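These notes concern the structure reproduced below.
The values are calculated or read from the model by the stated rules, or taken from the named source; none is laboratory data. No experiment lies behind these values; they were computed from the predicted model shown. Please note: Cβ atoms are built from the backbone with ideal geometry, for glycine as well, and neighbour counts cover all protein chains shown. Areas reflect the complete protein model, heavy atoms only, side chains present, ligands, DNA and RNA absent. Shrake-Rupley method; radii C 1.70, N 1.55, O 1.52, S 1.80 Å.
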Amino acid sequence: MPKRKHRLMEARALPEGTHALVKFGRRELGVFNVRGTYHALPNLCPHQLGPLCEGKVSGTTGARAETDWQLEWIHEGEIVTCPWHGIEYHIVNGRCLPFPEISIRHYEIVEEDGWLVIET
């Protein structure tokens, strides 16, 4: 079955580092501009159905073997935090940070003729 394209919003309405809520059919999506790349997530945290995309966007702390497991600030501008319970999700792939086995739907968004477009 061929994919269909749907216009979500004008690209100029979403400057780098911002996000917006848009209706898409019966769903509400958070559309994010992360350093010029567009992503969308459902505005629904699976924990208790909170309004995920109304949360704060920032980075988070992490540790790696390369830094001898010292905490460092990572993923600046790529993390959305559910406003209800503080659960963090990686915008660029939909993964839940504290529970990496859990992911939410992630939509690739492209810019075409000045519009942000989703394919379904």
*Name the one entry in K56, K5 that is modelled with pLDDT under 95, in contact with a strand residue (DSSP E or B) (Cβ under 7 Å, 6 or more places away or on another chain), open to solvent by 50 Å² or more (accessible area, probe 1.4 Å) and among the charged types (D, E, K, R).*
K5
*Enumerate the pairs (first residue in the stretch 89-112 and within 19 Å of T18 (Cβ to Cβ); second residue anywhere and small (G, A, S) and assigned to a loop (DSSP other than H, G, I, E, B)) with beta-carbon separation below 7 Å, excluding pairs fewer than 6 apart on the same chain, so at least 6 apart or on different chains.*
H106/G94
*Where I118 falls short, out of the listed (1) open to solvent by less than 20 Å² (accessible area, probe 1.4 Å); (2) more than 24 Å from M9 (Cβ to Cβ)*: (2)
*Unmet requirement for Y38, which otherwise passes all of (1) touching a residue at least 40 places away in the same chain (Cβ under 8 Å); (2) open to solvent by 20 Å² or more (accessible area, probe 1.4 Å); (3) over 9 Å from the mean Cα position of the chain (by Cα)*: (3)
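Conditions (1) touching an Asp or Glu at 6+ places or on another chain (Cβ under 7 Å); (2) not aliphatic (A, V, I, L, M), marked per residue:
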position	(1), (2)
I74	no, no
I87	no, no
V92	yes, no
R95	no, yes
Y107	no, yes
G114	yes, yes
I118	no, no
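Within the stretch 61-115, considering only strands (runs of 3 or more DSSP E) that don't extend past its boundaries, which have at least 1 residues that are open to solvent by 50 Å² or more (accessible area, probe 1.4 Å)?
72-81, 107-112
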